[in-house]
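Have a look at the structure below before the remarks.
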2 protein chains.
Amino acid sequence: MKVVIIGGVAGGATAAARLRRLDENAQIIVLERSGYVSYANCGLPYYIGGTIQNEKALTLQTPESFKRRFNVDVRVQNEVLAIRPEQKSVTVRRLSDGTTYEESYDKLILSPGAKPVRPNLPGINHERIFTLRSVEDTFRIHRFVEENAPKRAVVVGGGFIGLEMAENLTHLGLSVTVVERLNQVMSPIDYDMACGVHAYLKDKGVSLFLGSSVEGFEPADDGLRTILDKGRTLTSDMVILAIGVTPETHLAKEAGLRLGQRGSIAVNDRMETSIPDIYAVGDAVEVRHFVTGSETLIPLAGPANKQGRIAADNICGRDSRYKGSQGSSVLKLFDMTVAATGINEDAAKKAGIEYDKVITFTASHATYYPGASNMTVKTLFDPQSGKVLGAQIVGFEGVDKRIDVLATAIRAGMTVYDLEELELSYAPPYSSAKDPVNMAGFAAVNVLDGTVKQYHWHDVPALPKDGSVTLLDTRTDEEYARGHIDGTLHIPVDVLREHLSELDPSKPVYVNCQSGLRSYIACRILSGHGYDCYNLSGGWRFYDLVKQNGGFDTAPAHPCGLAIEK
Amino acid sequence: MKVVIIGGVAGGATAAARLRRLDENAQIIVLERSGYVSYANCGLPYYIGGTIQNEKALTLQTPESFKRRFNVDVRVQNEVLAIRPEQKSVTVRRLSDGTTYEESYDKLILSPGAKPVRPNLPGINHERIFTLRSVEDTFRIHRFVEENAPKRAVVVGGGFIGLEMAENLTHLGLSVTVVERLNQVMSPIDYDMACGVHAYLKDKGVSLFLGSSVEGFEPADDGLRTILDKGRTLTSDMVILAIGVTPETHLAKEAGLRLGQRGSIAVNDRMETSIPDIYAVGDAVEVRHFVTGSETLIPLAGPANKQGRIAADNICGRDSRYKGSQGSSVLKLFDMTVAATGINEDAAKKAGIEYDKVITFTASHATYYPGASNMTVKTLFDPQSGKVLGAQIVGFEGVDKRIDVLATAIRAGMTVYDLEELELSYAPPYSSAKDPVNMAGFAAVNVLDGTVKQYHWHDVPALPKDGSVTLLDTRTDEEYARGHIDGTLHIPVDVLREHLSELDPSKPVYVNCQSGLRSYIACRILSGHGYDCYNLSGGWRFYDLVKQNGGFDTAPAHPCGLAIEK
C-alpha cells in the first residue's frame, strides 16, 4: 500500500506515524510545502518573544529523524500543484529547482491546514506587515525585530495568535496596540467574560481598539500608518496581521472534492472526503460540533491530531470514527489564563439552543493557603435537563484544570447535577473541598430547582427606576463605598435579618453582593420571609467589570472605553 | 424544626449552612467539643511549617461569624456525652465549667470525624509525642517547636499527614525520619508508584524506614528514643504519630446505632442512620465505594462536605442521594504531586475485580515550551469493556489536573476508548496536543485491541534466562550505558530495521526503552516482521525506579534499601 500525505504538520505528521505503526510495509510519503515538518506550530509566538530561545526546539522532528524512526519519506519544500483522483496521483513541484513530478497513491490524506486571512487592503503588502503561520514566518518576524529594534507594534486581531503576539512583543519591550473589529477579544468566550480580559490587557500596558476596522496601511516618516475606520490612524514600526485563518483548500476544490462552509473540505466521520481513497484532516476540514451537532470549522491542534490518527486507522482497515469537536481551547496571556469548551452564548443563540447560565467566582485553591486567586466561571446548561452545554473561565492558577474537567463532563453528557457530585482531588495547595466546578454545579442546580432566581448584568439597566422594585446591596460598608449600582439600598448580609423591616415585602428585591455568594444567602433569607427576590449572577464585580471594560451596549460597533488613540 | 449537629468541622459546618439556606426558620445548634468551628483542618501542617503564617487563617469562621451570617447557634467546647434517641435529646457537657445539660432535637446530624490512632505502646504518653487533628494539636506542636528548637523528628506513618508533616518539619530545618510499617508510603497509590515517592523523599533529605514497626518509646539523655522492631532505635527530639485515623463513634455505638466496619457509622444513601431522625456524615461514616460498590471508609474532606449538604437537603424535605466515594485524593510533597482516584491494584485484588493496567510517562506540557516535566500515570481498566477503574499519578506540574480529569471520567463511567477521544484544552504552556490523559487512553487501547502486548517490571525477574527469549533494549547508546536490564541485547529503535537479522524470529522478544514509547514503536516494527514481542510498560525508568527504591520483593516486611539507620 502506498499512502501520500499532503502537509506534514499536526494531522499529517500524526497520520504518518500512526500509519507506520499499523503497517510496517506501507510506503508512506509526506509532501510538505514549507521547509519544516511536524514543527511546533503553537510555539511560534514564544520563539519571537524569547521564551523559547533555541530555534531547534521548534523543529524537533526533521525529515531525517522521521525517516529513521518511522521509515517515512518526508519531502519538504515539495508543493503539490494538483490532485488527479482519476489517475490516483498528485503533481508535485520541487521548490528547490522548480521541477515537477507525478506521485501515485493508493490512499491520499490531505492535511493542508489553514492560512492567515490577508484582506485586499491598500498597502497590505508593506514589508513591515507580517502574518504568522510557518517557521519561515517566525524567523522573518524574529529577524525583523532583531535588525530593526521596533518600538511600537500594531496587532490586528484579538484572537489566540493576536493576543499571544501582543504578549510576546510586550515581553520584547514593544508598545503594543491591538485592533479588533468586534467589541471584544477572544471569540471563544462571550463578551462579558472578555471584558475581564480587556481590563487585564490594559493593566499589562496593551492598548486596545475594539469595534475598529482596519481600512488600509500607508508608509509614514516615522513608521507605518495603520488606517482605522472613522479616520483614526495608528503609527507603528510593525504590524502583525492575525485576523483569523481560512482553510487552504484550493487543491481539494480543483480536484472536485465536496466542500463545506467557507471553502473547507467536507468529510464523513471516518475522515473520508467525497472521493474514494482520499481522506482529509485538520484545520482544513469541516467537523461536526459535539454540542450543537452542526457542521463547523474548529481549527485546533488537538482535533487535528486525533483526526490524523483516525484517518490512518481507517486506511489500515480499522473502523475509527471522529465524534466531533467541542472547541476546548486555552490561552495564556501574561499570567492570565482564558479557556473555553463547548458552546458560548453566541453559539447557542446561533444554533437556536435554549440555555441558562451561571457566573461563579471561586478560589483556585483553599484561601488560607498562600497564592490562591479567584477565577470567573461561566457555565451554560440546558434549562430543562441541566445538561452542561459549555463553559468559559477567565483567571489565573487552575483555570486550565477546571476547563478540562468541564470538557470531560461535556464529552460524557453530564448535567449540572453531576457537577455537584464530582469528587475531585482536594488538598489546600490545589483546590477547595468544594472545587470551582462543584460550585458551578451548586449555583446552576440552585437556579434549576428554583432555590434561587437570578438576574444578570445586562438586566440591570432595564430594571424599573420608578421605585417599584428594591435594589439591595449586601456587601460590607467598605465594599459599598468603593462602588455600587446606582439606587441600591445597602444592608450587609450579616445584619439583614435585623433590618428586614426596611424592605417593602410587596416589591421584588434585586440583590447583589461582590461575587454572588453572599447575595445568594441574602436571597435565601428573604425567600424565607416571603420576599420575591433575585440574585445578581457574578455579583457587582462582574457587573462593574463589564461596565468599565466594554460597557452595556454590546452592539459590535461600540467603541470601547479602553481605546487609547496614539 | 430544631436540628442539632454534633461536630462543627467539614460535614457539620456544611450541613448547618445548607440547612439555614433551605430553612430560614429552623433552629440550628452546632455542638463542637474543640474550641474552634469550621477550621482549616487540611491546612494545619502548613501552619506548623510556616507556609501559613497567620493563625487566624486557620479559623476563618468563628461562632460569632456563623451566628451573624447563618443564625446558627454554635457552641464550642461543648462535648456531647450521650445521645438518647428515645427522648430525642443529647446530653452535653460545657467544658468551661463541667456542667451538663440536655438538648432536645427534631433531627440530629452526627459529624464526629475520626481521631488519630494512638496504639497502646510503652512510652506512648511521652510529652514529645504528638498527634495532629485539631487546632489545639497544631498550636501545641507549633509552640513545642518554637520553645524547644528541635533538630530531629521521627514521623511514624507515611500517609497524607505523615508526609505533609515530614515536608513541613524539613522546611523548619529539622532532620526528619519517616517510619512506615508497610513497604511503601501513600497507600492510595500502589507500591510501584510509591517507589518514585521514596526516591524523591531521599532526594529531599528525608530518611525512610519502610517495613518497620514501632514497638515503643523511651526517654534518652539526648532526646526521645523510638524503638523499632528488629532492635533498631531512632533518637529524636520529637515524634509525630500519624499512623491513620479511626472513626470517632463511641456516641453512636452507645446510642445503639448500627455500625459498619471498624466501628464506623452505617448510613444509607440519604445519610440516614439506623435510627429515625438521626443522620451521620463525614469521616465517621461507612460509604459505598463508587468503583467497587463495596462498603468502605474514605475519610476525605470533599466527600464529608458533600454528605453534609445531602443530609441537610433530606432533612429539609428534598430527596438527595450520596452515590459513593471514589477516593480522589492529592498530596503536595515539596514540589512533587501525588494523586489518585478510583481503585489501585491492591483494592482491585481485594475486591476481586479483574483489571489490566498501563504505565505512561508523559510531559506536563509541550516539551519545547520551558518548564515541562514528566509525570508517571498508572491507569487501571476493565480488560473486557475498557472501563476506567482507577488512576494514580506521580509527578510535578499538572498532576492534579490530570487526576481530576480521570476522576471525572470514572464518575461518568467512561472507558479508555473515551480517554483517547477526550478533547482537552491545549496550548504549549498547559499541555500537549495529545494530553497525558489521551496518551494513557492510547496506551490502554493498544493493549485492549491487541496492537501491542506488554509486560511489567514485576515480570522481568521471572523471564527465562536460558536463552529462550530475547531481551531487547531500544534506547540510545548513552541511555544504555547509564544502566540497563541484565542480558539485554541493545539496538536503538532508529536502526532496528537494519539490524533485524540479529534477532531470532523463533524467540519472543521482550522490548524496553526508557519510558515505553520507543519500545512500543519497536514492537510494531517487530510485529510487522512476524515477531512475537512484548513492550515493557513504563520502560526501563519505571523498572529501575522500583529496583532502586523498593526492590522487587514486594512483601510488606521487606526492609527498604532506603532505610538509613541513625
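If you build the Cα gyration tensor of segment B:206-306 and take the root of 5 times each eigenvalue, what three semi-axes come out, in whole angstrom, biggest first?
38, 16, 12
Taking all protein chains together and a probe of 1.4 Å, list B:K547, A:K107, B:K378, A:K434 from the most accessible to the least accessible.
Greatest to least solvent exposure: B:K547, A:K434, A:K107, B:K378.
Given the pairs B:K507/B:K547; B:K107/B:K332; B:K350/B:K401, which span a C-alpha to C-alpha distance of over 31 angstrom in this model?
With Cα atoms farther than 31 Å apart: B:K107/B:K332.
Between copies, how close do the B:R232 label points come, placed 7 Å along Cα→Cβ, listed in nm from shortest?
7.2
How far is helix B:399-411 tilted off the main Cα axis of chain B, in degrees rounded to 10, range 0 to 90?
80 degrees
Hey, what angle do you get for helix A:436-448 against the long axis of chain A, alpha-carbon based, 0 to 90 degrees rounded to 10?
Approximately 60 degrees, to the nearest ten.
Kindly report the accessible area of segment B:129-243 per residue (heavy atoms of protein chains, probe 1.4 Å, no ligands, DNA or RNA), in Å².
On a per-residue basis, segment B:129-243 sits at 33 Å².
As a test of reading the structure, rank A:R118, A:R497, B:R20 by solvent-accessible area (1.4 Å probe, protein chains only), most first.
A:R118, A:R497, B:R20
Could you name the aspartates and glutamates whose alpha carbon sits less than 15 Å from that of B:K465, not counting residues in the same chain fewer than 8 places away?
Straight-line reach from B:K465, under 15 Å: B:D486.
Using Cα atoms only, what is the angle between the long axis of helix B:191-203 and the major principal axis of chain B, expressed in degrees (0 to 90) to the nearest 10?
Roughly 80 degrees between the two axes.
Sticking with the crude label model, points 7 Å out along Cα→Cβ, report the distance from B:E86 to A:D532 in nm, one decimal please.
Between B:E86 and A:D532, the simple spin-label model gives 5.2 nm.
So what does B:Y101 come to for accessible area, using a 1.4 Å probe and Å² rounded to 10?
40 Å²
Counting pairwise Cα distances across segment A:1-122, what percent come out greater than 18 angstrom?
Of the Cα pairs, 56 percent sit more than 18 Å apart.
Compute the FRET efficiency between B:E254 and B:K230 as 1/(1 + (r/R0)^6), taking r as their Cβ-Cβ distance and R0 = 45 Å, and round to the nearest 0.05.
The calculated FRET efficiency here is 0.65.
Semi-axes of the equivalent ellipsoid for segment A:129-243, please: Cα gyration tensor eigenvalues, times 5, square-rooted, ordered largest first, whole Å.
22, 17, 13
Quickly estimate the mean residue ellipticity at 222 nm for chain B, helices only: each DSSP H run with n ≥ 4 gives -39500 (n - 2.57), and the total goes over all residues, rounded to 500.
-8000 deg cm²/dmol, from helical runs alone.
Placing one identical point scatterer on every Cα of segment B:335-448 and ignoring solvent, what is log10 I(q)/I(0) from the Debye formula at q = 0.22, 0.23 Å⁻¹?
Treating every Cα as an identical point scatterer, log10 I(q)/I(0) equals -1.18, -1.28.
Give me the Debye-computed log₁₀ of I(q)/I(0) at q = 0.05 Å⁻¹ for chain B, equal point scatterers on Cα only, no solvent, two decimals.
With no solvent term, the Cα-only Debye profile gives -0.25.
Taking a probe of 1.4 angstrom, what is the accessible area of A:F160 in Å², to the nearest 10?
60 Å²
Which of A:K306/A:K349; B:K323/B:K434; B:K387/B:K453; B:K253/B:K349 have a Cα-Cα distance over 22 Å?
A:K306/A:K349; B:K323/B:K434; B:K253/B:K349
Could you report the accessible area of A:M1 in Å², rounded to 10, computed with a 1.4 Å probe on the protein chains as they sit in the structure?
We get 80 Å² for A:M1.
For a paramagnetic label modelled at 7 Å from the Cα of B:E354 toward its Cβ, which residues of segment B:393-427 fall within the zone defined by backbone nitrogen distances under 18 Å?
Output list for this probe position: B:415-417.
So the label point sits 7 Å from Cα along the Cα-to-Cβ vector; using that for A:H529, what distances do you get to the other copies, in nanometres, sorted shortest first?
Here A:H529 shows inter-copy label distances of 8.4 nm.
Shape of segment A:313-391 from its Cα gyration tensor (a ≥ b ≥ c, root eigenvalues): rounded if a/c is under 1.5, otherwise prolate when a/b > b/c, or oblate?
It is oblate, given that a/c is not under 1.5 and a/b is not larger than b/c.
How would you classify the protein assembly as shown from its alpha-carbon gyration tensor, with a ≥ b ≥ c the square roots of the eigenvalues: rounded for a/c under 1.5, else prolate if a/b is greater than b/c, otherwise oblate?
oblate
Taking a ≥ b ≥ c as the square roots of the eigenvalues of the Cα gyration tensor of segment A:439-521, is the shape rounded (a/c under 1.5), prolate (a/b larger than b/c) or oblate?
rounded
Count the DSSP beta bridges whose two residues both fall in segment A:219-352, then state the antiparallel fraction as a percent rounded to the nearest 5.
Around 90 percent antiparallel, to the nearest 5.
Compute the FRET efficiency between B:D222 and B:D319 as 1/(1 + (r/R0)^6), taking r as their Cβ-Cβ distance and R0 = 56 Å, and round to the nearest 0.05.
Efficiency computed from Cβ-Cβ geometry: 0.35.
Between B:T476 and B:F552, take the C-beta separation as r, use R0 = 45 Å, and let me know the FRET efficiency to the nearest 0.05.
0.95
Looking at the protein assembly as shown, send over the antiparallel percent of its DSSP beta bridges, to the nearest 5.
55 percent
Using a label point 7 Å beyond Cα on the Cα-Cβ vector, give me the inter-copy distances for A:R94 in nanometres, one decimal, shortest first.
Counterpart label points of A:R94 in the remaining copies fall at 9.8 nm.
Pull up all non-local amide H partners of B:G244: gap of 5 or more, or a different chain, and H-to-H distance under 5 Å with H placed in the peptide plane.
Answer set, sorted by chain and number: B:V117.
Probe radius 1.4 Å, ligands and nucleic acids left out: which of B:D313, B:D283 has the largest accessible area, and how do the rest follow?
My answer, sorted largest first, is B:D283, B:D313.
For segment A:21-80 and segment A:414-449, write down the distance between their C-alpha centroids in whole Å.
Computed from Cα coordinates, the inter-centre distance equals 42 Å.
In chain A, what % of DSSP beta bridges are antiparallel (nearest 5)?
Around 55 percent antiparallel, to the nearest 5.
The values are calculated or read from the model by the stated rules, or taken from the named source; none is laboratory data. Here the structure is a predicted model, which means the values were calculated and not measured. Virtual Cβ from ideal backbone geometry, glycine too; neighbours counted across all protein chains shown. The protein model used for the area step is the full one, side chains on, heavy atoms only, and it has no ligands, DNA or RNA in it. Shrake-Rupley method; radii C 1.70, N 1.55, O 1.52, S 1.80 Å.
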